[in-house]
Amino acid sequence: MFSEFVKTPAVGEWISPADAMTLAIQEGAKGTGYVSPNPLVGCVIVDSDHCFLASGYHKRVGHDHAEIDALKNLGDPSRVAGAHVYVTLEPCAHQGRTGSCARALAPLKPASVIYAVEDPNPLVAGKGAQILREAGVRCELLSAIARPATAGSGAPEISSEDCTELAAQAEELAEIFLHNFRAKEPFVAVKVASSLDGKMAFLSGESKWITGPDSREHVQLLRARYDAIAVGRNTFVADNPSLNVRHASFPGFVNKAVVFDPSGKTLVAMQGSNLTSVRPPENVLVLVDAKLSVQNPAGVRVLKVPMMEEGAFMMDELFAALRAEGVHSLMIEGGSHAYGAFFNAKKVQRLHAFIAPILMGGKHGLAWTSHFGGASMQERVELKRVQKQSFGADEYWTARV
Ligand SMILES: NC(=O)c1ccc[n+]([C@@H]2O[C@H](COP(=O)([O-])OP(=O)(O)OC[C@H]3O[C@@H](n4cnc5c(N)ncnc54)[C@H](OP(=O)(O)O)[C@@H]3O)[C@@H](O)[C@H]2O)c1
């Protein structure tokens with residue numbers, strides 16, 4: 001996610017195979033916020049000498065896929081003959097809301113189509129590549145072009161290390177889609193702002209502001225990645241959060257907010273809250289105990305979800321309720337009880353932790369990890385592909401869980 005940025009070359013400028021795939025990944029990320037439930041996908045086309053021709057990306061659900069966008073940006077399809085096409089996800093084989101990308105590319109006779117990640121959709125997996133191969137196009141998964149496997153063949157080559165890294169980045173680009181397909185569950189991210197000693201609030205509930213303005217601005221960008229932003233009812237009461245996307249890159253962006261509130265006590269306070277003043281009430285989803293009948297004066301969406309004896313919502317039913325509302329990804333922004341429920345159920349896929357260089361101290365301050373793990377090393381949560389970045393004085397850590 002934080003790889004070296006590749007500038008889009010001028011048409012006719014040489015670009016290395018590794019940079020072409022990096023550029024395709026960067027292109028794909030431009031669709032953030034607008035493609036759900038589809039994947040973010042980017043595409044780069046270079047000529048037979050590896051000089052840049054065009055790039056494209058999937059801009060919006062129901063609109064052109066990345067390959068078609070790149071072809072349109074290229075203008076003249078005859079220029080694809082003998083060219084190399086880099087795409088972050090296997091070209092689709094099937095006719096969905098839009099046509100098959102593999103069938104659009106095949107008659108144009110590119111010399112090769114290199115894709116970074118195989119599509120897990122059974123309608124596509126391996127079939128897009130097959131359509132291209134049957135048309136005589138060399139179509140390879142990125143790992144197959146790793147040097148030295150094809151050294152000296154004259155076809156695009158990328159070092160084994162770069163292939164592994166680029167495949168991992170392409171997988172991260174499409175991680176929400178891939179998880180939805182593989183697990184048949186929404187993708188869950190956790191975002192926390194904590195002190196260096198792991199505290200997210202004082203006993204009084206005071207938590208503003210632990211991190212600085214640069215971190216908080218980045219959170220606005222992160223919010224656009226997910227279909228909904230969720231909090232527990234204590235956080236709703238303590239902070240009256242908006243949970244919307246306030247960033248110049250996303251003008252007028254309207255997202256969904258979720259509140260976990262078994263007793264439905266927040267429903268009265270929803271009227272006039274920041275959650276309902278920044279988005280239509282039907283975009284606020286309040287999850288309550290399925291056994292309750294509740295008053296809903298603000299007209300928000302009340303989702304009735306059965307509870308486990310321990311007082312948390314049943315996870316399968318919670319996910320089913322969210323998917324029925326079109327929520328394929330969720331970022332939980334607190335508090336510690338909400339984090340605990342998802343970590344304990346092993347349902348967190350990504351962590352976004354903003355760590356401020358302050359110590360909040362005290363025995364009773366709220367540690368963000370206080371409701372999961374803690375009994376033995378066996379309960380530890382392992383983080384993979386940890387990446388770090390500074391935002392002002394804060395350190396931002398993101399990792400796969
Ligand atoms: N620094 C940060 O990043 C940050 C972020 C957010 C919040 N905060 C602070 O954290 C504090 C609140 O944290 P908290 O741990 O006390 O509360 P919380 O997690 O916000 O809310 C806890 C309550 O929400 C309900 N809940 C949450 N997850 C649930 C689930 N999976 N199933 C069923 N019910 C669920 C339960 O309600 P019932 O009690 O009705 O069962 C639970 O007691 C506030 O002071 C806030 O300012 C800090």
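No value in this document is a laboratory result; all are computed from the given coordinates. Note that the structure is a prediction, hence the values are computed from the model and not measured. Neighbour counts run over all protein chains shown; Cβ positions are idealised from the backbone, glycine included.
Some points to look at:
- Extension gain for ARG323-ALA224 works out to 33.9 nm (0.36 nm per residue, less the C-alpha to C-alpha distance).
- Full-extension gain in nm, ARG182 to GLN95, via 0.36 nm per residue minus C-alpha separation: 29.2 nm
- Inter-part distance, region 74-142 to region 216-276, computed on C-alpha centroids, equals 39 Å.
- Cα-based convex hull, region 185-400, per residue volume (Å³, whole number): 126 Å³
- Label positions at GLU379 and ASP214, each projected 7 Å from the Cα along the C-beta direction, are separated by 3.6 nm.
- By average C-beta atoms within 10 angstrom, highest first, the peptides 366-376, 61-71: 61-71, 366-376
- Global form of the chain, assessed from the alpha-carbon gyration tensor, a/c cut-off 1.5: prolate
- Highest-fluctuation residue, MET331, MET21, MET377 considered, GNM on the chain with Cα pairs under 10 Å: MET377
- For ASP76 and LYS363, a Förster radius of 56 Å and the Cβ-Cβ distance give a FRET efficiency of 0.20, rounded to the nearest 0.05.
- Mean residue ellipticity (222 nm) of the chain, computed from DSSP H runs ≥ 4 via -39,500 (n - 2.57), nearest 500: -7500 deg cm²/dmol
- Sorted by Cβ neighbour density within 10 Å, fewest at the top, the residues THR98, THR235, THR88, THR276: THR98, THR276, THR235, THR88
- Tensor-based shape of region 17-178 (alpha-carbon gyration tensor, a/c under 1.5 rounded, otherwise prolate or oblate): rounded
- Each label point was placed 7 Å from the Cα along the Cα-to-Cβ direction; for SER160 and ALA10 their separation is 3.9 nm.
- Peptide packing for 265-272, 345-352, 39-46 was compared via the average number of neighbouring C-beta atoms within 10 Å per residue; ordered from the highest value, the list is 39-46, 345-352, 265-272.
- Distance (nanometres) between label positions extended 7 Å along Cα→Cβ at LYS109 and SER48: 1.0 nm
- Ranking of ILE355, ILE229 by neighbouring Cβ atoms within 10 Å, starting from the fewest: ILE355, ILE229.
- Taking 19 Å as the cut-off, the amide N atoms of region 304-344 that come nearer than this to a point 7 Å along the Cα-to-beta-carbon line of LYS291 belong to 304-318.
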